[in-house]
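Okay, so here's the structure we're looking at.
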Amino acid sequence: MGQSTDTATLPTSEPSHGNANGFLTSHAAAAAGGAESNGIAACKAAVHHEFPEHLSVHEALEQVNEQVAEDDILVEDEELLVNSLLDILKLEGDELAQAVETCYGLSAQYNKSNNPADLAKLQEVIESLDPAESILCASAFSHMLTLGNIAEEIQMARRKTLKSQRHGAIEDEGSSLTESSITETFEKLRAAGKTPEEIYEALCNQRVDLVLTAHPTQSIRRSLLQKHARIRNLLTQRHEQKKLTPERDLELTEAIKREIQAAWRTDEIRRSQPSPQDEMRGGMSYMHETIWPGVPRFLRRVDTALRHLGVQHRLPYRLPIIVFSSWMGGDRDGNPRVTSEVTKDVVYLSRLMVTNLYISQIESLMFDLSMWRASEELKERAAAVRSSVKRHTNHYIEFWRGIPETEPYRVILGEVRDKLWNTRDHIQQIISKGRSDYNEDDIYTTAEQLMEPLELCYKSLCSVGDQPLADGALLDCLRQVACFGLSLVRLDIRQEGARHTEALDTITAHLGQGAYSQWPEQQRLDWLTHELQSRRPLFGEDLLEGASGEVREVLATFRTLAGLPRDSLGAYVISMATSASHVLEVQLLQRAAGVKRPLRVVPLFERLDDLSNAPAVLEQLFSLPLYRASLEGGVQEIMIGYSDSGKDAGRLGAAWALYKAQARVVEVACAHGVQLSIFHGRGGTVGRGGGPTHLAILSQPPGTVNGRLRVTVQGEVIEQSFGEEHLCFRTLQRFTAATLDHTLNPPRAPLPQWEALMERMAPLSTAEYRSVVFQHPRFVELFRAVTPETEFARMNIGSRPSKRRAGGGVETLRAIPWIFAWTQTRFHLPVWLGLAAALRGVVEEDPHALDELQRMYQQWPFFRVTLDLLQMVFAKGDPRVARLYQQELAPPDLQQLGDELLQKYEESKNFVLLICGQLVPLESNPTLRQRLLVREPYITPLNVMQVLTLKRMRAAAAAAAAAAEGQGELEKGGSSLKKHLTPGRTAQVTSLNPSSVYPPGLEDTLIITMKGIAAGMQNTG
């Protein structure tokens, strides 16, 4: 089925999906028993009479390319999971399982024959299903794709292990999609002439900051993610426990089936929109479940790899090479639900979580450090602790009595535990009543305070000859303190630049100084510089009386930041930053609010014009002495946005603009003696700048990483990045290894003729993209007709609205639903549109351009990665399915535009294949290609169901609107639509969605198909 991310596929939505709306407990009661429906009867007729030779699920799985099946457990696991699900369906009667098998068989036949008549037969069978059957069949296919994704994750982890054990390749080493382990990276750098000490020093100075975001969040409920995690764990046990007894094998198999059935019986649809706090809790669950234990485990592996390299010292525990930040509860750009109170809540919830983790860790250490030999310094400290501290003995289960003086380490750790206990109580008081009764001396307020006694224990053990003991769990704990501090993650704040301008406009108007928003840029800079140097308050409390609600909330956010623990806060990111004044505005508002240690201000350059203008903005900032002096450590961080730039200019134009902008801003920073740190705002999909992590890093321009990498980990890929310990390990490894590789062995710079070709192609690509997306008078109409964009919000997968503002066209739509909508139809228009025009233009102008493009693909990492990711998109795309959406959902007068876009799709694909020297997409990666082909028969029925459901929903809405015309507004709750309800079994299916305004079952079927296709494509947006 699906290919796991960052190895040979796009990092996209979580590799799991849900069940069947409580399968026959709720919806399915309608499908169990009773008379056989017309839909089921049609399925039986199709199986027994029309398609006697269609492929079964088993036969399709067996088609996985044998040349890459060595030691491959994928087929075995997928058969176990899918057959278990089919068995569960049969518990309610054979009819439902037969319907699923029939739809699968027809779909496989169609994907094999490429005959439109076969697709029409599949469409006929699906159209005959009643509402209950549609929901259940959609759920079954959604589950199969989810289970296949899980099986593939296990298979990929196993193949990585086998590769390491054999010191050789199992994957296609010629593919740019192959990543290296940390050990392989060390070996590669040694072969390039780097010494072990150079590698060690580069690692010690390296810092990777992974920023977890909430949007677009995970389209799967956490209840289901937990069940999927248990399935993943049980499958792993089956393969890791060698020579299983028949009894143990049966126990594991039964446990797997239990979890599948539990998932199937759970409502897979999130019935309410999550709050920002819900998103934060979901994201932070990965911190304590896998990331907290995963960081020291990974660092221990780095130590081991260094020893194999000949370096005998470990990484310093005070220098974390990887840290974590978050946008959950801090990203208020376009999300009015993220308020100053929400930000305060998530900060203290994070501190509470990490304090609980430390308490558990310290209690574990108290068992480990039972030794009596210690340094004199530690003994003296222990004696002082015993004589001065009144212990909270009644709070604990273990070590609740006094600790003897012959166990000095336990005495020290007992004091640490007491202080952590107080710290937890202090945080809980703030959360519950807004204040705390504790003195600062009785709690931990900084990570250094916690580090000090642990470091004392470490140095004592080393001094008495017990360094092997010190380098055990105690070293792990020291590294956790260095990585997570007392905050667990550092929270970034993000707000749109125009909101700060609006606030300052209110302030200048209140002061009688005019309209700040109308001033030219230089006047703004002069005023801001003057106010930053002034000691007087910028405004008084009377300002708030006449301010808008939006301005009051902006100012409240800055006041909240002034009162929060500084170590819990990271950067202040300004989205849609266009000028130097946007940066100084945030500096001034922080000063006005009394933020004693200001957050670093990070402008986010997103759109094409903003990326082009970024060097000029930095030049203006660095030329201001006041601003230069404010840069902490002489470091300027900027953020570049991949999502909105892609939506603005198309993928090729945006990719080149991002590449150029990085190289140019680094030049500007170097000219001013400033160290530049680039924060990459990458999405999970190719359309939003996604792609395998190691490729993304290694394709950056030379000189732009330099051991510092900050990058977003989007909500949709957090599960597949950190959902299990082995996934967490691989994620930490790939970021660390690729950053080190780029720093010590930068990719080659493009030749002048390559840059010249890109300079010619990028404008051509952007021009065609914009001529269609923004300038064609009917494009928006077609987009909304042939995609589920208008229905996207029904999925309830995030707290943020899908639009920046109501109404408008594509420009008001956020990048996430823009990409999501085209991904659902398997057309992926934002990724390839404009490509054909660019390539055709340069090839027609210069006959030798094709040869040069082929050399670029072979020799330039940036261009190779760009085209390899396009191959991936074309391998997942299906213009035949896209045409079905067009034919069924678009009005006749839009068919021609749709046909023209389909022709552009084919032309773009053919150009890519020509340059890559391949006959079909991913020809050079048969492993991935075959698995994507195996996936198709599961996805196509969901596409067909989605098309028919959208058609029915829109027809019902149109009929209701027509009926209500002239009779006032539609009744609340959509009662005029509910007149279409039919009694009996169909009505029962909608028991979990009684508030739907549509005929029974339609809305749930649509949502399930969205989730299922997202699982199959591994894309939500």
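The values are calculated or read from the model by the stated rules, or taken from the named source; none is laboratory data. These figures come from a predicted structure and were not determined experimentally. Using ideal geometry, Cβ is built from the backbone for each residue, glycine included, and neighbour counts are taken over all protein chains shown.
Of the residues making up the stretch 332-370, those that are on the phi < 0 side of the Ramachandran plot, of a type outside the set (A, V, I, L, M, F, W, C) and in a loop (DSSP other than H, G, I, E, B) number 7. Is it true that Glu70 is at pLDDT 85 or above and acidic (Asp, Glu)? Here the answer is no, as Glu70 does not meet what is asked. Residues that are part of a helix (DSSP H, G or I) and closer than 30 Å to Pro316 by Cα do occur in the stretch 262-283, at least one of them. Assess whether Gly673 counts as being at pLDDT 95 or above, out of contact with any Gly (no Cβ under 6 Å at 6 or more places or on another chain), surrounded by fewer than 24 Cβ atoms within 10 Å (Cβ to Cβ) and not in a helix (DSSP H, G or I). Here the answer is yes, as Gly673 does meet what is asked. Per the listing Leu306, Leu299, the residue uniquely more than 20 Å from Leu145 (Cα to Cα), in contact with a Pro (Cβ under 8 Å, 6 or more places away or on another chain) and buried (at least 21 other Cβ atoms within 10 Å of the Cβ) is Leu306.
This table checks each residue for (1) surrounded by 14 or more Cβ atoms within 10 Å (Cβ to Cβ); (2) modelled with pLDDT of 85 or more; (3) among the polar types (S, T, N, Q).
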{"position": "Leu189", "(1), (2), (3)": "yes, yes, no"}
{"position": "Pro216", "(1), (2), (3)": "yes, no, no"}
{"position": "Ser219", "(1), (2), (3)": "yes, no, yes"}
{"position": "Arg238", "(1), (2), (3)": "yes, yes, no"}
{"position": "Asp249", "(1), (2), (3)": "no, yes, no"}
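Here the stretch 87-114 is the region considered, the condition is being modelled with pLDDT under 90 and within 23 Å of Ala875 (Cα to Cα), and the residue that is surrounded by the fewest Cβ atoms within 10 Å (Cβ to Cβ) is Asn114. For the stretch 918-944, name all the residues that are over 27 Å from the mean Cα position of the chain (by Cα) and in a helix (DSSP H, G or I). Within the stretch 918-944, just Val944 meets the criteria.
Taking the criterion of being among the polar types (S, T, N, Q), out of contact with any His (no Cβ under 6 Å at 6 or more places or on another chain) and crowded, with 24+ Cβ neighbours inside 10 Å, would at least one residue in the stretch 119-130 satisfy it? Checking the stretch 119-130: not a single residue is among the polar types (S, T, N, Q), out of contact with any His (no Cβ under 6 Å at 6 or more places or on another chain) and crowded, with 24+ Cβ neighbours inside 10 Å. Looking at the stretch 371-390, can you tell me whether even one residue there is in a loop (DSSP other than H, G, I, E, B), modelled with pLDDT of 95 or more, among the basic types (Lys, Arg) and over 30 Å from Val489 (Cβ atoms)? Yes, the stretch 371-390 has at least one match.
Restricted to helices (runs of 4 or more DSSP H) entirely inside the stretch 512-620, those with at least 2 residues that are more than 25 Å from Gly646 (Cβ to Cβ), modelled with pLDDT under 95 and not β-branched (Val, Ile, Thr) are 543-546. Annotation: Phe605 fulfils all but one of (1) surrounded by 24 or more Cβ atoms within 10 Å (Cβ to Cβ); (2) over 21 Å from Val211 (Cβ atoms); (3) not acidic (Asp, Glu); the unmet one is (2). Against the list (1) at pLDDT 90 or above; (2) surrounded by 20 or more Cβ atoms within 10 Å (Cβ to Cβ); (3) aliphatic (A, V, I, L, M), the condition Met280 fails is (1). For the stretch 609-625, check the following and say yes or no: at least one residue is among the charged types (D, E, K, R) and touching a Leu at 6+ places or on another chain (Cβ under 7 Å). No; the residues of the stretch 609-625 include none that is among the charged types (D, E, K, R) and touching a Leu at 6+ places or on another chain (Cβ under 7 Å).
Scanning the stretch 413-450 for residues that are touching a residue at least 60 places away in the same chain (Cβ under 8 Å) and either among the aliphatic types (A, V, I, L, M) or in a helix (DSSP H, G or I) (or both) returns Leu420, Trp421, Thr423, Arg424, Ile427, Gln428, Ile430, Ile431, Ala447, Leu450.
Among residues of the stretch 954-970 that are under 19 Å from Leu1006 (Cβ atoms) and surrounded by 10 or more Cβ atoms within 10 Å (Cβ to Cβ), those with a Cβ under 9 angstrom from a residue that is charged (D, E, K, R) and at pLDDT below 85, sequence gap 6+ or separate chain, pair up as Ala960/Lys979.
Going by the structure shown, is Leu652 crowded, with 22+ Cβ neighbours inside 10 Å, touching a Phe, Trp or Tyr at 6+ places or on another chain (Cβ under 7 Å) and assigned to a helix (DSSP H, G or I)? Considered against the rule, which asks whether it is crowded, with 22+ Cβ neighbours inside 10 Å, touching a Phe, Trp or Tyr at 6+ places or on another chain (Cβ under 7 Å) and assigned to a helix (DSSP H, G or I), Leu652 comes out as no. Where helices (runs of 4 or more DSSP H) sit wholly within the stretch 946-1021, those with at least 3 residues that are within 19 Å of Val786 (Cβ to Cβ) and at pLDDT 80 or above occupy 1002-1017. Across the stretch 73-86, the qualifying residues are those that are in contact with a Leu (Cβ under 9 Å, 6 or more places away or on another chain) and either polar (S, T, N, Q) or over 20 Å from Arg258 (Cβ atoms) (or both), and the one among them that is modelled with the lowest pLDDT is Ile73. In this structure, is Leu210 surrounded by fewer than 16 Cβ atoms within 10 Å (Cβ to Cβ) and aliphatic (A, V, I, L, M)? Against the criterion (surrounded by fewer than 16 Cβ atoms within 10 Å (Cβ to Cβ) and aliphatic (A, V, I, L, M)), Leu210 does not qualify. Residues in the stretch 705-735 that are touching a strand residue (DSSP E or B) at 6+ places or on another chain (Cβ under 7 Å) and crowded, with 22+ Cβ neighbours inside 10 Å: Leu709, Arg710, Thr712, Val713, Ile718, Ser721, Leu732, Phe735. Being closer than 29 Å to Asn613 by Cα, hydroxyl-bearing (Ser, Thr, Tyr) and surrounded by 17 or more Cβ atoms within 10 Å (Cβ to Cβ) holds for only one residue in Ser517, Ser568, Ser579, and it is Ser579. The set of residues from the stretch 621-633 being assigned to a helix (DSSP H, G or I), closer than 16 Å to Gln675 by Cα and aliphatic (A, V, I, L, M) comprises Leu621, Ala629.
Mind listing whichever residues of the stretch 493-511 are β-branched (Val, Ile, Thr) and not in a helix (DSSP H, G or I)? Matches in the stretch 493-511: Ile493 only.
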